[in-house]
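Some notes on the structure that comes next.
The values are calculated or read from the model by the stated rules, or taken from the named source; none is laboratory data. What you see is a predicted model; the values in this text were computed from it and never measured. Here Cβ is always computed from backbone atoms with ideal geometry, including for glycine, and neighbour counts include all displayed protein chains.
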Amino acid sequence: MEKILKVQMEAVLENQGLARAVAAAYASELDPTVEELTEIKTAVSEAFSNAAIHGYPGDMSGSVTMEIATIRPSTIMIKISDQGVGIEDIAQAMEPLFTTDTGDERSGMGFTVMESFTDKIKVDSRPGEGTTVTLIKKLDTYYDF
């Protein structure tokens, strides 16, 4: 790994834009296409909102940690972690249209969006201890010498 950036933010949706901006700023140094940058920002947005909304439901408060690293010359790894309620059944949570938040207008497509905009996604979670979503994105960096 070349360099690692670690940022901790309060788990509120108002910080979703900050998470996107931090990820975009880091990824920009790898010379991504506009499409790749948009995909990274969208995946981070979904992961952050899942952590803030589902990790800390109701009146719970906490933080979301985002760790970003370059793991190969043109591959970025982004980990979004919370120390919230965790996920009982990861496979079920990753099914399209599944949501535990029936009160709001949630689509249950967060993990599906993350999967479609990254090359690999890994979810680690323990009920009562929190969740870590790891996103891997390989960039099609072209060097024209």
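Quick notes
- Scanning the range 37-81 for residues that are over 10 Å from the mean Cα position of the chain (by Cα) and aromatic (Phe, Trp, Tyr) gives a single hit, Tyr56.
- In the condition set (1) touching a residue at least 24 places away in the same chain (Cβ under 8 Å); (2) under 14 Å from the mean Cα position of the chain (by Cα); (3) surrounded by fewer than 18 Cβ atoms within 10 Å (Cβ to Cβ), Ala21 is compliant with all but (1).
- Failed criterion for Thr70 (all others in (1) assigned to a strand (DSSP E or B); (2) of a type in the set (S, T, N, Q); (3) free of Cβ contacts under 8 Å to residues at least 60 places away in the same chain hold): (3)
- Answer residue from the range 84-137, given it is assigned to a helix (DSSP H, G or I) and surrounded by fewer than 12 Cβ atoms within 10 Å (Cβ to Cβ) and is modelled with the highest pLDDT among those: Ala91
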